[in-house]
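First up is the structure itself, then whatever we jot down about it.
The values are calculated or read from the model by the stated rules, or taken from the named source; none is laboratory data. This is a predicted model, so every value here is computed, not measured. Ideal geometry is used to build each Cβ from the backbone, glycine not excepted, and the neighbour counts take in all protein chains shown.
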RNA sequence: GCCCGGGUGGUGGAAUGGUAGACACGCAGGACUUAAAAUCCUGUGGCCAGUAAUGGCCGUGCGGGUUCGAGUCCCGCUCCGGGCACCA
């Protein structure tokens, strides 16, 4: 009987399905274990071989934990709101709800094809009203709370109102947009609009002015992703940054906790570093500069208050609210021109551009509070509105960017730090002795910083301040395909929450998904929905992608609950995610937001833990190989001018092959390995028959089999191939569908091969080259059960010592490696085990049965088949995972490498249990060693019992 | 530009600071076969010497350092991949 994955896999899939093997109960006497995958966005191109990498790993781990006696929650769902579905709708007219549902069925079919052990009864879809009801509900909680910095926790907004009524802002320590100062009487005198504005300053979900990319030509707001090189990616139209009043979430209130509590988590150090850097905590001073001739003060944040005597100019972000006030009539034209330029620039451009600085003088001056010197105020794009206060004091002597700016605009430089005592110290390092700095002169930098902050506080011109790079999350999207905000505005524009019993606030049906004139969201088209009695109206923006994905793991715990997002019982049982598997691309976005939401829900008593994810594993991206075939035309008339065409491996041959490539690029990739003339083309088509009818087009002519268009006699064509590695995407013709691989090799083989490719955390290109090795392994295993005549040859014989050692070596290795997520080495261990058993012709049940269980998490279908062949009737998925017995693993003999000065010179097999002295004596008398130490002095002998011997000779 | 990773044979990769290249792919030679496929066996980092057994030297992107010993730790570079706040 031959191993036939197709029939085996079909059979057991149905068997598992019929018996609901993967269904999980919220009540169990077993310990719980929650394994979560980052749920996919169901895109139109379907699942590719990169998606399942993490899913297979988490599935193996889930199955492993289940077999070890845990009640394992392993769910799956879809992150189903998003931009691509909406873009697709605009292009094709197909409603996002439909295309999303279609894509989901396709994803489901593809996932089902891989033998995952998901409990599908818990599936969630973020675009489902029964789900987004709770996304909206959480938003309303954020809207209804403020962050009490003194208590380190979120509190209901009513408590804040109570505080204002009794003492105004006195004694209040709260996360806010700007510090306000008013008394109880002031509060009581405020209009409802004024009160609402004040509360917005404290709410965790609040509205503020932020910028969006606007494309006039397309009549739509664009995502960063849709803007390339300052123009829209679609159509190449001009774009500009437009200010809009948008919802934001005050994640900055949680910055300190997000940073501190990160340390306790089992995340990779790289991930922790990325998140800490993103939070970007820095300590410094917030201080106010007087402005010459203005009553306003200029508020800046600096980590280097000690350098104030070197501050020779101030820089404001171009969007800073004081810019218009500070611009003098003489500078007006220049400033306006600069502002127009800045609206075309992305933040990335503004940060990245360091060689060519730009800026403009406002014509006004600030006053240095310590020496009363006038300091010119400039604006420049390298200062960002949302970081710090959107304004800096520039100290060219101590900051590279400020220096370049001073250089370019001829601004003075005052040296204030003597670093001669610290050779090799960079300009930014906080070391050196202060000079030219009045009362700071002679002090070391750290002391000077300290003293300066105290001075600033004494003078009442500022205070010590902790600043974070982390910015509040912009939460509005001018899109259709997202959660509507459960917010209505009254006549005065005051935002009110929709009543809880009115949730979910469903997305109205629309035919046209384009925004309404100006920057109004598509939802503005649903006038009946937007407009309410008495001049009230609904919010027309929708929530961003991260809304639904910030809490979905909680919903799986109790997915059908229509009274709460999850019941207290379910939350108390499952608590948090024990293992989370997903890509690093979510390091700062999704992970940060969901940690923030979770902490908020914890503060308001809705979840039992302050952190959502205990352990995080990041799978590397599976990249595609972009294979290009170049056809070059070489002019023979002496000129060495090349022209060439380029085609990607997976490109449909019917599509015209074009892309002229730069000569330099071609020249960099070695020499052509074959000529392409008519015969060469034949040869090429033999190698790549799919190009039989392709038309090869280069700048100067076209080629097709049997034809020779536009080519001059005497012209030679050369071709060669090269490979690049990059993201798998439709546009690169390198997407590989797992279904095709499963069709050919089976799901078990696919699972093992993806694991065998390399370490889970590493990015690697997909290549099916090695899959035969895995397929061979599976057949070899199969053939331990069946002989070549299809006869079952499993015997009841007792295993010998060696066979037990082979088995238990595998058990040990696989168990260790599963725990550390080293699945590629698990597969090697299986191969070694099967190879060893084969060489001993071992088909003993006492060996094969534990081996089958060991393999079950990796190749569940095959394991189930073998398990039943061995006479079992329950599922192998529920069997006990084998445990190693150290008694079988004892080594009698150890191979000691013997090194001289660190170089291996001999390998001697010695009985285990020799002590260091015995080993030393024995080794010194080895002939192979004598040869090396003859006439020399043995200075030192390093003996590591059980490992090695190293002699140091001179 | 900034942040985070990574670089080991022809290829994917293995290696608690302790025998570099496990396990595979590929390739070469052989067995079986009319033949091919499949399967099995043997070899396979490079260079040098030797008929051979074998022996020697070099070798983990580049340059330095720590150590008895470095792919692994430290410093400086370089190339590649990912992210940079409205793709998800």
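Of all residues in the range A:905-920, those being out of contact with any helix residue (DSSP H, G or I) (no Cβ under 8 Å at 6 or more places or on another chain) and either in a loop (DSSP other than H, G, I, E, B) or under 18 Å from residue A:954 (Cα atoms) (or both) number 4. When restricted to residues that are in contact with a helix residue (DSSP H, G or I) (Cβ under 6 Å, 6 or more places away or on another chain) and either part of a strand (DSSP E or B) or farther than 23 Å from residue A:508 by Cα (or both), the range A:457-493 contains 8. Can you name the residue in the range A:25-39 that is surrounded by fewer than 21 Cβ atoms within 10 Å (Cβ to Cβ) and part of a loop (DSSP other than H, G, I, E, B) and is also farthest from the chain's Cα centre (by Cα) among such residues? For the range A:25-39, the residue satisfying everything is A:29.
Table: residues versus (1) over 30 Å from the mean Cα position of the chain (by Cα); (2) in contact (Cβ under 8 Å) with a residue 40 or more places away in the chain; (3) within 16 Å of RNA strand B (Cβ to nearest atom).
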position: A:473; (1), (2), (3): no, yes, yes
position: A:479; (1), (2), (3): no, yes, yes
position: A:490; (1), (2), (3): yes, yes, no
position: A:494; (1), (2), (3): yes, yes, no
position: A:499; (1), (2), (3): yes, no, no
position: A:502; (1), (2), (3): yes, no, no
position: A:514; (1), (2), (3): no, yes, yes
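Residue A:852: more than 9 Å from RNA strand B (Cβ to nearest atom) and part of a helix (DSSP H, G or I), yes or no? Yes: the conditions hold for residue A:852. Scanning the range A:734-764 for residues that are within 7 Å of RNA strand B (Cβ to nearest atom) and crowded, with 19+ Cβ neighbours inside 10 Å turns up A:756, A:757. Restricted to helices (runs of 4 or more DSSP H) entirely inside the range A:541-616, those with at least 2 residues that are within 16 Å of RNA strand B (Cβ to nearest atom), buried (at least 20 other Cβ atoms within 10 Å of the Cβ) and in contact (Cβ under 8 Å) with a residue 40 or more places away in the chain are A:545-549, A:552-555, A:590-603.
Listed here are the residues, each with its yes/no results for (1) farther than 24 Å from residue A:243 by Cα; (2) within 11 Å of RNA strand B (Cβ to nearest atom); (3) modelled with pLDDT under 90.
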residue	(1), (2), (3)
A:349	no, yes, yes
A:353	no, yes, yes
A:358	no, no, yes
A:361	no, no, no
A:368	yes, no, no
A:377	no, no, no
A:381	no, no, yes
A:384	no, yes, yes
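Mind checking whether some residue in the range A:121-131 is surrounded by 14 or more Cβ atoms within 10 Å (Cβ to Cβ), in a helix (DSSP H, G or I) and within 16 Å of RNA strand B (Cβ to nearest atom)? For the range A:121-131, residues surrounded by 14 or more Cβ atoms within 10 Å (Cβ to Cβ), in a helix (DSSP H, G or I) and within 16 Å of RNA strand B (Cβ to nearest atom): present.
Only residues that are in a loop (DSSP other than H, G, I, E, B) and surrounded by 13 or more Cβ atoms within 10 Å (Cβ to Cβ) were counted in the range A:870-881, giving 5.
Residue A:111 passes every criterion in (1) at pLDDT below 95; (2) over 27 Å from residue A:59 (Cβ atoms) apart from (2).
For residue A:145, the criteria (1) within 15 Å of RNA strand B (Cβ to nearest atom); (2) within 22 Å of residue A:539 (Cβ to Cβ) hold in every case but one, which is (1). What is the residue count in the range A:386-400 for residues that are within 12 Å of RNA strand B (Cβ to nearest atom) and within 27 Å of residue A:255 (Cα to Cα)? Adding up the residues that qualify gives 3.
This table checks each residue for (1) within 15 Å of RNA strand B (Cβ to nearest atom); (2) touching a helix residue (DSSP H, G or I) at 6+ places or on another chain (Cβ under 9 Å); (3) in a helix (DSSP H, G or I).
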| residue | (1), (2), (3) |
| --- | --- |
| A:861 | no, yes, yes |
| A:883 | no, yes, no |
| A:898 | yes, yes, no |
| A:922 | no, no, yes |
| A:939 | yes, no, no |
| A:942 | yes, no, no |
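I'm trying to understand the selection: among the residues of the range A:825-837, which are under 25 Å from residue A:618 (Cβ atoms), more than 6 Å from RNA strand B (Cβ to nearest atom) and touching a residue at least 24 places away in the same chain (Cβ under 8 Å)?
To start, the set of residues in the range A:825-837 that are under 25 Å from residue A:618 (Cβ atoms) comprises A:825-830.
When the remaining residues are screened for being more than 6 Å from RNA strand B (Cβ to nearest atom), the result is A:826-827, A:829-830.
Of everything in the range A:825-837, those that are under 25 Å from residue A:618 (Cβ atoms), more than 6 Å from RNA strand B (Cβ to nearest atom) and touching a residue at least 24 places away in the same chain (Cβ under 8 Å) turn out to be A:826, A:827, A:830.
Which is over 38 Å from the mean Cα position of the chain (by Cα), surrounded by fewer than 17 Cβ atoms within 10 Å (Cβ to Cβ) and on the phi < 0 side of the Ramachandran plot, of A:793, A:832, A:806, A:847?
Numbers: A:832 fails: over 38 Å from the mean Cα position of the chain (by Cα); A:806 fails: surrounded by fewer than 17 Cβ atoms within 10 Å (Cβ to Cβ); A:847 fails: surrounded by fewer than 17 Cβ atoms within 10 Å (Cβ to Cβ).
Testing whether each residue is over 38 Å from the mean Cα position of the chain (by Cα), surrounded by fewer than 17 Cβ atoms within 10 Å (Cβ to Cβ) and on the phi < 0 side of the Ramachandran plot leaves just A:793.
Filtered by the rule that a residue be under 18 Å from residue A:105 (Cα atoms) and buried (at least 23 other Cβ atoms within 10 Å of the Cβ), the range A:40-50 gives A:42, A:47. Between A:274, A:307, A:303, the distinction of being touching a residue at least 60 places away in the same chain (Cβ under 8 Å), within 16 Å of RNA strand B (Cβ to nearest atom) and over 30 Å from residue A:610 (Cα atoms) belongs to A:303 only. Screening the candidates A:180, A:140, A:204 for the property of being in contact with a strand residue (DSSP E or B) (Cβ under 6 Å, 6 or more places away or on another chain) and surrounded by fewer than 20 Cβ atoms within 10 Å (Cβ to Cβ) yields one hit, A:140. Of all positions in the range A:100-112, none carries a residue that is part of a loop (DSSP other than H, G, I, E, B) and surrounded by fewer than 20 Cβ atoms within 10 Å (Cβ to Cβ). Residue pairs whose Cβ atoms lie under 9 Å apart, sitting 6 or more positions apart in sequence or on different chains, and linking a residue in the range A:207-228 that is closer than 26 Å to residue A:486 by Cα and free of Cβ contacts under 8 Å to residues at least 24 places away in the same chain to a partner that is assigned to a strand (DSSP E or B) and near RNA strand B (Cβ under 9 Å from one of its atoms), are A:222/A:212; A:222/A:213. Can we say residue A:159 is surrounded by fewer than 17 Cβ atoms within 10 Å (Cβ to Cβ) and part of a helix (DSSP H, G or I)? When the stated conditions are applied, residue A:159 passes them.
Evaluate the following for residue A:891: is it assigned to a loop (DSSP other than H, G, I, E, B), within 15 Å of RNA strand B (Cβ to nearest atom) and within 30 Å of residue A:67 (Cα to Cα)? Yes: the conditions hold for residue A:891.
Can you name every residue in the range A:765-824 that is out of contact with any strand residue (DSSP E or B) (no Cβ under 7 Å at 6 or more places or on another chain), in a loop (DSSP other than H, G, I, E, B) and within 8 Å of RNA strand B (Cβ to nearest atom)? Result: A:769, A:770, A:822.
Scanning the range A:441-471 for residues that are touching a strand residue (DSSP E or B) at 6+ places or on another chain (Cβ under 7 Å) and within 16 Å of RNA strand B (Cβ to nearest atom) turns up A:466, A:467, A:468.
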